[in-house]
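A short write-up of the structure that comes next.
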Amino acid sequence: MIKTIIELKKADLTLGNAAASVHVLKNIDLTIGKGEAVGIVGPSGSGKSTLLMVLAGLERLDTGEIHVNGAPLHNLGEDALADFRGKNIGIVFQSFHLIANMTALENVAIPLELANVRSPFDIARRELQAVGLGERLGHYPGQLSGGEQQRVAIARALAPSPAVLIADEPTGNLDTETGRQIADLLFAQQAERGMTLVLVTHDLALASRCSRQVRVASGRIVADAAVTERRSEVVTA
């Protein structure tokens, strides 16, 4: 039996105030198991990125519950939430968010050092080697290609050995071939480490590489199925 690692219960969230408010998430229930790769898809404005931010602990619910790796994120204070997120959730964004005046090694190591992790530079070196950047440790972001910068961002997300990796349009700023290489890297690392991968993407080919797809529309989950089952239905229809 697969262990549940993410559980969302009756999640509801409105963003903005008064006339400018938008009811983004509407009474959502979602369960994700340990080691699953889940693709969240849907049209622009559907709420999928906000849902991902809730799962990452970066957006708080108005009502409902969110449990990640056994912790009730909806009940945690800001400091406890930040501490939990730093140890349990890796996050990769469409934009790389690297610090320009730090080397690749420093971009990965400094967050670990600030979190009082032992041997942060040794861990950073190992993670950069794991994503194929062992020869680029001393390079600054401006000296790296877009794909290489995203590899640094992935190494930074993986460095704390998170139980969950969250990716928001991780190939969105990359050309097709580089995007494919980054996708290969994400899925290889997810399989090797046995961690849970949850990603938002407009790229249906990328989403189809996940074991499961969750489709969001108008703030609600409208479909949730294993990719193999979906393909089987297409074949037999």
Summed residue charge, Cβ within 14 Å of residue 24's Cβ, Lys/Arg positive, Asp/Glu negative: +1
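Quick one: pull the percent of accessible area on the range 84-237 belonging to carbon and sulfur, 1.4 Å probe, ligands and nucleic acids left out. Each step should come with its number before you reach the end.
Values: 3750 of 7420 Å².
Percent of accessible area from carbon and sulfur atoms in the range 84-237: 51.
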Phi to ³J(HN,Hα) by Karplus 6.51 cos²θ - 1.76 cosθ + 1.60 over the range 20-30, Hz, x for Gly, Pro: 8, 6, 10, 7, 7, 10, 10, 6, 8, 10, 8
Base-10 log of normalised Debye intensity for the range 164-217 (one unit scatterer per alpha-carbon) at q = 0.12, 0.17, 0.24, 0.25 Å⁻¹: -0.25, -0.50, -1.00, -1.08
The range 50-173 - Debye-derived log10 I(q)/I(0), Cα point model, q = 0.10, 0.17 Å⁻¹: -0.32, -0.86
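State which entries of 26/87; 3/48; 10/48; 26/48 exceed 18 angstrom in Cα-Cα distance in the structure shown. Each step should come with its number before you reach the end.
On the way: 26/87 29 Å; 3/48 24 Å; 10/48 16 Å; 26/48 12 Å.
Going by Cα-Cα distance, 26/87; 3/48 fall outside the 18 Å limit.
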Given charges at beta-carbon only (K, R positive; D, E negative), |dipole| of the chain in Debye: 380
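How fast does the range 1-86 diffuse by Stokes-Einstein, in µm²/s, taking the Kirkwood radius from C-alpha pairs at 4 °C and 1.567 mPa s?
Values: Rh = 13.6 Å.
Rounded to a whole number, D works out at 95 µm²/s.
The values are calculated or read from the model by the stated rules, or taken from the named source; none is laboratory data. Here the structure is a predicted model, which is why all the values come from computation and not from measurement. In this analysis, Cβ positions are derived from the backbone assuming ideal geometry, glycine residues included, and neighbour counts consider all displayed protein chains. The area values use the complete protein model at the heavy-atom level, side chains included, leaving out ligands, DNA and RNA. Shrake-Rupley method; radii C 1.70, N 1.55, O 1.52, S 1.80 Å.
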